[in-house]
Amino acid sequence: MGYLEKKIGKALEKAASEMCEGNLHEHILEDPLQGGAGTSTNMNLNEDLTNRALEIIGEKKDNH
């Protein structure tokens with residue numbers, strides 16, 4: 001759709017593949033039973049994927 005730069009899209013795709021392979025599970029802090037409507041779980045997963053994608057493209061992770 002053209003919303004992301006190609007290198008960012010590829011980095012997010014690679015990060016998502018790594019997560020599916022189980023390589024990022026230690027970063028998922030939310031207990032699935034505590035997810036409620038899913039907001040906290042989704043925020044945690046999005047942050048983990050974004051930080052891994054930043055690492056892949058050689059940028060500094062956002063650790064705020």
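The values are calculated or read from the model by the stated rules, or taken from the named source; none is laboratory data. Owing to the predicted nature of the structure, the values given are computational and were not obtained by experimental measurement. With ideal geometry, Cβ positions are generated from the backbone for all residues, glycine too; neighbour counts draw on all protein chains shown. These accessible areas exclude ligands, DNA and RNA; they are computed on the full protein's heavy atoms, side chains included. Shrake-Rupley method; radii C 1.70, N 1.55, O 1.52, S 1.80 Å.
Scan the range 1-39 residue by residue and report those that are in a helix (DSSP H, G or I), of a type in the set (D, E, K, R) and modelled with pLDDT under 85.
Let us first name the residues in the range 1-39 that are in a helix (DSSP H, G or I), namely 6-20, 25-27, 32-34, 39.
Still in the list and also of a type in the set (D, E, K, R): 6-7, 10, 13-14, 18, 26.
Across the range 1-39, the qualifying residue is only 26.
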Considering only residues that are of a type in the set (Lys, Arg) and over 16 Å from residue 20 (Cβ atoms), look in the range 45-64 and name the one that is modelled with the lowest pLDDT. 61
Given the criteria modelled with pLDDT of 75 or more, open to solvent by less than 90 Å² (accessible area, probe 1.4 Å) and of a type outside the set (D, E, K, R), does residue 42 qualify? yes
